[in-house]
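The values are calculated or read from the model by the stated rules, or taken from the named source; none is laboratory data. The structure presented is a predicted model; accordingly, all values stated were derived computationally and were not measured. All Cβ positions, glycine included, derive from the backbone under ideal geometry; neighbour counts span all protein chains shown. Side chains included, ligands, DNA and RNA excluded: accessible areas come from the protein's heavy atoms. Shrake-Rupley method; radii C 1.70, N 1.55, O 1.52, S 1.80 Å.
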Amino acid sequence: MPGWTREPMFDFPDSTALRRLIQPAIDALGTAAQVEHLGQSANGKPIEMISIGTGERSALIVGAPHPNEPIGCLTIVELVCRLARDPQFRERSGYRWHFIPAIDPDGLDLNAGWLQGPATTANYMRHFFRPAFARQPEYAFPLDMPGYRFEAATPENLCWQRALAIARPDFQSSLHGSDTGGAFYILSENRPGLARQLSRQTKRFGIALNRLGEPDATIKSFAPGVFSAFEVEPYLAEARRAGKDLRQFWGAGRSSTEFAAQTYGSFCMICEVPLWEDSRQFSSRPSPCSEADIVRMQLDQLRRNARLLDQAAPLLARDLSDSESQALMLALREAAALSDTQLAAAEAQLKTAETQRRESLADLVQLEPGTTQMRAPAMLARLARRLGEPALAAAAEALTADYIGEYLRRSSLRPVPVARSIALQIESIILSARQAG
């Protein structure tokens, strides 16, 4: 990367290393910490909840709800260590703290190839894994509404449900990350004072504020970079009225935020922090691109992905026995099934897209094609290599490399120092916990 004197390295733990990192703090706490076995992952890895403190209120903090977002695992390590070394903090907080260091240990380990490797987009994508939507612990909570029911909880999600039933949290934080675009927050309800504090604090930690979040017409902005949680029921009700097949349109359940808020009355906060920062994020100057230009870039990538996934159809029809190949296959089958819908949505958006007004450079970072459209070809290359399909692997690798080259010609990426991201998430947790109840 231009301007780097040496190649930066990521330093995130897999599930085994995570337990080694957190164990000394558990040992130091002695009887002040309890470890409860919640169950096992699909591949038989233990999922545990660490409980600390005797406060009247209850908090549940969950790491790796998406396994390509490992920052929360280290945030939990640091917060448990702080509780261990500072008894006054434990007592003053007024909380009994509950932690799940990694709710998806299998998925975390499937990302192990980049967790402690070079902090480059190429290395990240070569070893990238993200489960199919319905297999993500974050979105496998039960949902029952007119015209749609989801009750296919994963083993990991069942562990999360057990943790919620035990903790009955006044406050929950599911710790997420993003690839780029700055930090932003999601709240289960508007707390105006908290929203203003959260909006201001990213600057203190030297991390850009993402003012767009995850754009969706149903999400409200409580303050710059602070948004309401996505509500699936009204979203699906509208889709049903439009005649859509909800099983294909959504295919998963509630989020942890919705489930905890509705079932236990929990106040929930998500602090999403990026792996990389882009110097353009800090500029309000106009970019060269209009909304229409951005949609055309997205359409081009969607079309190229569709052609590659069509080429991969015979491979994606196979029955596979090993868990890694199965996990990759499910994610890729989902990408193939969604391809036509995504293309149609982008084509419709292009018809009404603004052609004259230029997006700001900061907004362009959030809106332009980044790493998201790289995920399918990257996982396909990984699966094809694994299954001994060199021609398909080469085609998928070439497309991923093209995307990376296009992206890096537009952007200027540097890894966000992990210590900053951890500090931001911890401060967000403490501020939000004070507002719960």
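Of note:
- For the range 17-60, the extents of the C-alpha atoms along the principal axes are 35, 23, 14 Å, listed from largest to smallest.
- The GNM of the chain, with springs linking C-alpha atoms under 10 angstrom apart, assigns the highest mean-square fluctuation among 120, 372, 202 to 372.
- The lysines within cross-link reach of residue 351, meaning a Cα-to-Cα straight distance under 22 Å and a gap of 8 or more places when in the same chain, are 244.
- Helix-only arithmetic for the chain: the sum of -39500 (n - 2.57) across DSSP H runs with n ≥ 4, divided by the residue total, places the mean residue ellipticity at 222 nm at -15500 deg cm²/dmol.
- A Gaussian network model of the chain, with springs between Cα atoms under 10 Å, assigns the largest mean-square fluctuation among 288, 105, 137 to 288.
- Of the accessible area of the range 53-196, computed with a 1.4 Å probe over protein heavy atoms only, carbon and sulfur atoms account for 47 percent.
- Taking the convex hull of the alpha carbon positions in the range 190-289 and averaging its projected area over all directions gives 9.1 nm².
- For the range 89-173, the average shadow cast by the Cα convex hull is 8.4 nm², which is a quarter of the hull's surface.
- Alpha-carbon Rg/Rh ratio, for the range 1-127, with Rh computed the Kirkwood way: 1.04
- This model, with +1 at the C-beta of Lys and Arg and -1 at the C-beta of Asp and Glu, gives the range 351-416 a dipole about its Cα centre of some 120 debye.
- Take residue 162: with every protein chain present and a 1.4 Å probe, its accessible area is about 110 Å².
- All-pairs Cα distance distribution in the range 250-383, expressed in whole percent, bin size 5 Å: 2, 8, 14, 14, 14, 16, 15, 11, 5, 1, 0
- With 10 Å bins from 0: P(r) over the range 148-214, alpha-carbon pairs, percent: 15, 36, 29, 19, 1
- In plain terms, the bigger the Kirkwood radius, the slower the diffusion; for the chain, with that radius from Cα pairs, at 4 °C and 1.567 mPa s, Stokes-Einstein puts D at 58 µm²/s.
- In degrees, nearest ten, helix 232-241 long axis to first principal axis of the chain (Cα): 40
- The residues of the chain present an accessible area of 43 Å² per residue when probed at 1.4 Å with all protein chains retained.
- Translational diffusion coefficient (Stokes-Einstein; Kirkwood radius from C-alpha pairs) of the range 259-302 at 20 °C, 1.002 mPa s, in µm²/s: 146
- Size estimate for the range 291-336 follows the Kirkwood approach: the inverse of mean 1/r over distinct Cα pairs works out to 12.0 Å.
- GNM top mover of 232, 80, 416 - the chain, alpha-carbon springs below 10 Å: 232
- Total charge dipole magnitude, the chain, about the Cα centre, Cβ charges on Lys, Arg, Asp, Glu only, Debye to nearest 20: 800
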